[in-house]
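Below you'll find the structure, written out as structure tokens, and then a few comments.
Read the figures in this text as sums done on the coordinates, not as results from a lab. Small disclaimer: the values here were computed from a predicted structure and weren't measured. Cβ placement follows ideal geometry from the backbone for every residue including glycine, while neighbour counts extend to all protein chains displayed.
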Amino acid sequence: MEARLDRIEDMVGQLIQMVAVVMEDQKEMKSQIKSLQEGQQALRKDIDKLRTDVNVLRKDVDVIRIDLNEFRTEQKSSNRNFNDQFQLIRADMDHIWGKTVNNERKIAIMEKKMDFEY
């Protein structure tokens with residue numbers, strides 16, 4: 001009977017040790033879970049910050065698009081003005097060359113009439 005009690009005491013001692021190990025493991029797991037939760041919260045904060053940054057960037061892109069469209073409109077207007085001025089200069093040049101040719105003809109005719117050489 002005493003051997004049986006010793007055996008039961010040994011078993012109880014082993015159970016107590018096993019429970020102590022399980023409790024220690026449980027504490028470690030709780031610590032790890034807490035650490036993971038803190039890491040998860042930090043990630044959520046980072047994600048929220050990134051979302052805010054993305055929204056700011058989107059607004060900046062919208063502003064840049066508006067500015068680019070305004071620039072394009074101004075550029076088209078400037079190009080039209082330049083082309084209009086160029087066409088006026090070309091018309092003036094054509095008119096001047098026409099007069100020059102006409103004057104050269106008149107001078108040639110007058111030279112023939114007067115028998116005069118340049």
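In the stretch 1-29, the residues that are free of Cβ contacts under 8 Å to residues at least 40 places away in the same chain never reach a residue that is surrounded by fewer than 10 Cβ atoms within 10 Å (Cβ to Cβ) and of a type outside the set (F, W, Y) with C-beta atoms less than 7 angstrom apart, at least six apart or across chains. Based on this model, can you work out whether D48 counts as on the phi > 0 side of the Ramachandran plot and not basic (K, R)? So D48 does not fit the description; no.
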